[in-house]
Amino acid sequence: MEIKTPKYVIQPAGKKPSFFREHWVLASLLGLAVVTFLLGRYSNIDMLQAFKGQKQTWVEVNQQLTEENEANKKTISQLQTAIKVKEQAIKELQQNLTSINDENAVLKADLVFYENLLSHKDDIKKLRVFEVQAEQLDELVMLKVVLAQKLEKAQLVKGKVALKLKGIQDDAGQTIDLVEQFDLTNEFEFKYFQIKKYTISLPKGFNPTVLLVELKSKNKKVISEQFQWLDIIGGSTQEPEQSVIVTQN
């Protein structure tokens with residue numbers, strides 16, 4: 001019986017692979033990670049620098065806008081002040097114009113008065129009530145009485161004036177002594193003419209009808225003239241209805 005010996009093949013051992021070759025994938029991934037990190041880092045730095053630059057630009061633009069805004073505010077304030085000054089100047093001019101117009105109206109009224117006075121110089125032979133006007137202002141009555149005498153060779157005349165207002169109250173006739181009732185100044189003194197102005201108020205329920213004006217001069221002559229109230233109220237001029245001269249001894 002023959003015994004067979006097993007056959008073995010002996011091969012030389014090969015070289016062992018290097019660590020890098022064994023882990024090249026890992027190394028590649030690690031290198032890629034490092035490169036990615038570096039790229040990301042420097043990229044972030046560039047972005048950060050760009051952001052910082054942009055932020056600086058924004059700060060400068062904001063500062064410029066703030067300065068422009070302050071300048072615009074100052075300009076607007078100056079313009080508003082100028083407008084207020086102009087408005088005040090216009091208002092003062094309007095007030096001055098109104099005042100001038102009022103003065104002109106007064107001067108025109110005075111001119112009309114003097115022209116009227118001169119036109120009656122031939123009729124004024126003695127002391128008389130030249131005209132009477134009354135104007136209602138709310139609860140008050142402005143009363144204007146003009147006294148005059150002859151313009152040629154006129155002498156100073158003195159005396160006292162009496163004002164009596166006749167009317168109806170409670171269906172009965174009533175007479176109010178205005179000088180006594182309202183403590184009016186009743187003395188007159190002039191050479192050519194004198195304007196007397198009074199402020200009175202009418203009793204409630206009193207309807208005036210006639211104003212009686214009496215002039216008592218120092219020579220003891222009494223001149224009595226009466227005026228219809230409806231004719232003199234409202235600022236109109238009314239000639240006396242009648243004149244009576246009484247010489248007292």
Provide the per-residue ³J(HN,Hα) series for region 178-189, in order, calculated from phi with Karplus coefficients 6.51, -1.76, 1.60 and θ = phi - 60°, each as a whole number of Hz, with x at glycine and proline positions.
-> 5, 5, 6, 5, 10, 6, 7, 6, 10, 8, 10, 7
Please go through region 188-220 and write out the trypsin sites (Lys or Arg not before Pro) that DSSP classes as loop and that have at most 15 other C-beta atoms within 10 Å.
-> K191, K204, K218, K220
When each of K91/K144; K108/K160; K166/K197; K150/K220 is checked by Cα-Cα distance, pairs over 25 Å = K91/K144; K108/K160
Phi angles of region 222-231, converted by Karplus (6.51 cos²θ - 1.76 cosθ + 1.60, θ = phi - 60°) into ³J(HN,Hα) in whole Hz with x for Gly and Pro, give 10, 10, 10, 9, 10, 9, 5, 4, 5, 7
Mind grabbing the base-10 log of I(q)/I(0) for region 125-247 at q = 0.13 Å⁻¹? Debye formula, identical points on the C-alpha positions, no solvent, two decimal places.
-> -0.50
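Taken together, the values in this text are just the output of simple stated rules run on the coordinates, not laboratory data. Owing to the predicted nature of the structure, the values given are computational and were not obtained by experimental measurement. FYI the Cβ positions are ideal-geometry reconstructions off the backbone, even for glycines, and counts take in every protein chain you see.
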